[in-house]
Amino acid sequence: MTDDIFSPSHAQARDAADPLRNFRDEFLIPRHAGQEQAYFCGNSLGLQPKGARAHVEEVLDKWANEAVEGHFTGQAQWMAYHELVREPLARLVGAQPHEVVAMNSLTANLHLMMISFYQPTIERTAILVEAGAFPSDRYAVESQLHFHGLPSKLTLIEVEPDLPGGIFSMECVARAIEANAKRLCMILWPGVQYRTGQAFDLAEIARLGHAAGAIVGFDLAHGVGNMPLSLHDAGADFAAWCHYKYLNAGPGAVAGCFVHERHATTTRPRLAGWWGNDASVRFRMGPDFQPTPGADGWQLSNPPILGLAPLRASLDQFDRATLPALRTRSIALTGYLEQLIDARLGDVIDIVTPRDPAQRGAQLSLRVKAGRDAGRALFEHLATQGIVGDWREPDVIRISPAPLYNTHADVLRFAQAARDWADGR
Ligand SMILES: Cc1ncc(COP(=O)(O)O)c(C=O)c1O
């Protein structure tokens, strides 16, 4: 392998030596001008695993051939379909199997969790989030406050980052929690912040939040399948996430939810539906709701089987690749991206995401030094070269090498295209 990190043979040699290199062949990679895209948008919508189609077709065939009987026959019977994903999901987020459930969509699950876990008292009404939270989270939190008749101006605490580029030091998070300890009811914090790519120490945030007497929930949209997670040990009260990003389960895929086992038989209020009723008595069709212990007790409806089917293919890949190995590859790919930017694009691009690999996942958030218009121009130039990242207002290009399918060659292609663009200006 040549030491010239800008040479194609360097990138190729690193890819060839990678134990996970064959996983790329399990994906359908969109093409651009006769070649595969360099697709860095797995933090928005992950690519389609080739195995997804067979799982979807299995459901369609079962429906065609068995109709209602499909609920009760075979290993993939629809009555227990969500059980097929329970254990792999639990492994992925570091939970006990009964602490996780695949259901609904992310924002819907955040609401279901907050209905139960945001229970303001006279002394404790405040919800603490990061300033610049993903809009859906902010809308959800604010609407929960309004739902309880509370003015969000007084009860929504939005912690401002203390470091350049919108990054938080842990001291800043700790100070905000401690300063509001007496009035805090709940903290909702991201596993990985969507705009900056910063990853947080969730165990520490849960510890600080609990010490302040608050409930602690996490939005893991950008964390799941990206970072190693240990939700049970971290002690989070709840968490919710989607499966269409690093989990590659398809647009609008059924989402995931975690409820810590200490709340398995909680008497907190919840929004109920028949699928949350204890499975052993569900079909007695009685009038009284007896929640299933654990996360399953928050289910409302029988799950959309077609929406769950691709997740089986995806989780099978995660089980085979294993998260620790994926994380090793992810650190290498993202580190290579950082190295190339520092070596050849330092005059053009600032990296917003923390430099410490422990404080980031796959994504690097990039800001073009010459400002927003130049950033947009680079983003559009990349698209004309088949290099797909995404743009987050006001001025961030997000590039996320996904370790299941991106390669060092993809990363090099990005860096070369960005350099060509800068040289041509
Ligand atoms: C951090 C975060 N929260 C919430 C959402 C909203 O997800 P959904 O539309 O699946 O509810 C997203 C979507 O990308 C997200 O990135």
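Miscellaneous remarks
- Filter result for ALA240 (touching a residue at least 24 places away in the same chain (Cβ under 8 Å), aliphatic (A, V, I, L, M), within 16 Å of the ligand (Cβ to nearest atom) and outside any strand (DSSP E or B)): no
- Extreme residue, surrounded by the most Cβ atoms within 10 Å (Cβ to Cβ), among residues of segment 248-295 that are touching a Pro at 6+ places or on another chain (Cβ under 9 Å) and under 30 Å from GLY389 (Cα atoms): ALA249
- Odd one out for ASP288, checked against (1) at pLDDT 95 or above; (2) in a loop (DSSP other than H, G, I, E, B); (3) among the charged types (D, E, K, R): (1)
- From the list GLY307, GLY276, GLY252, GLY286, the lone residue that is free of Cβ contacts under 8 Å to residues at least 60 places away in the same chain, within 16 Å of the ligand (Cβ to nearest atom) and of a type outside the set (Asp, Glu) is GLY307.
- Counting the residues of segment 133-163 that are within 21 Å of GLN193 (Cβ to Cβ), hydrophobic (A, V, I, L, M, F, W, C) and either more than 15 Å from the ligand (Cβ to nearest atom) or free of Cβ contacts under 8 Å to residues at least 40 places away in the same chain (or both) gives 5.
- Filter pass, PHE318 being outside any loop (DSSP other than H, G, I, E, B) and either in contact (Cβ under 8 Å) with a residue 24 or more places away in the chain or more than 16 Å from the ligand (Cβ to nearest atom) (or both): yes
- Residue ID - nearest to HIS148 (Cα to Cα), chosen from residues in segment 164-212 that are small (Gly, Ala, Ser) and within 16 Å of the ligand (Cβ to nearest atom): GLY191
- One residue from MET79, MET113 being part of a helix (DSSP H, G or I), within 16 Å of the ligand (Cβ to nearest atom) and not acidic (Asp, Glu): MET113
- Verdict on ALA313 being of a type in the set (A, V, I, L, M, F, W, C), touching a helix residue (DSSP H, G or I) at 6+ places or on another chain (Cβ under 6 Å), within 27 Å of HIS232 (Cβ to Cβ) and part of a loop (DSSP other than H, G, I, E, B): no
- Where a residue in segment 54-67 is on the phi < 0 side of the Ramachandran plot and in a helix (DSSP H, G or I) and its partner, wherever it lies, is hydrophobic (A, V, I, L, M, F, W, C) and surrounded by 14 or more Cβ atoms within 10 Å (Cβ to Cβ), with Cβ under 6 Å and at least six apart: HIS55/ALA309; HIS55/ALA313; VAL56/ALA309; VAL59/ILE305; VAL59/LEU306; VAL59/ALA309
- Some residue of segment 378-389 being assigned to a loop (DSSP other than H, G, I, E, B) and closer than 22 Å to ILE331 by Cβ: yes
- Every condition in (1) of a type outside the set (Lys, Arg); (2) touching a residue at least 60 places away in the same chain (Cβ under 8 Å); (3) surrounded by fewer than 24 Cβ atoms within 10 Å (Cβ to Cβ); (4) more than 10 Å from the ligand (Cβ to nearest atom) holds for GLY217 except the one numbered (3).
- For ALA295, the conditions (1) under 20 Å from the mean Cα position of the chain (by Cα); (2) modelled with pLDDT under 95 are fulfilled apart from (2).
- Here segment 84-108 is the region considered, the condition is being assigned to a helix (DSSP H, G or I) and in contact with a Lys or Arg (Cβ under 9 Å, 6 or more places away or on another chain), and the residue that is nearest to VAL59 (Cα to Cα) is LEU84.
- In the set ARG367, ARG398, ARG312, ARG320, only one residue is farther than 24 Å from ILE167 by Cα, at pLDDT 95 or above and crowded, with 17+ Cβ neighbours inside 10 Å; that residue is ARG312.
- Residue list for segment 227-237, restricted to those being in contact (Cβ under 8 Å) with a residue 60 or more places away in the chain and either closer than 11 Å to VAL93 by Cβ or in a helix (DSSP H, G or I) (or both): MET227, PRO228, LEU229, SER230, LEU231, HIS232, ASP233, ALA234
- Being surrounded by fewer than 22 Cβ atoms within 10 Å (Cβ to Cβ) and either of a type in the set (Asp, Glu) or touching a residue at least 60 places away in the same chain (Cβ under 8 Å) (or both) is a property that holds for ARG419.
- Checked against the criterion of being away from the ligand (no atom under 16 Å from the Cβ), farther than 19 Å from SER301 by Cβ and either of a type in the set (Phe, Trp, Tyr) or in contact with a strand residue (DSSP E or B) (Cβ under 9 Å, 6 or more places away or on another chain) (or both), the candidates GLU99, GLU66, GLU58 yield just one match: GLU99.
The values are calculated or read from the model by the stated rules, or taken from the named source; none is laboratory data. What you see is a predicted model; the values in this text were computed from it and never measured. Ideal geometry is used to build each Cβ from the backbone, glycine not excepted, and the neighbour counts take in all protein chains shown.
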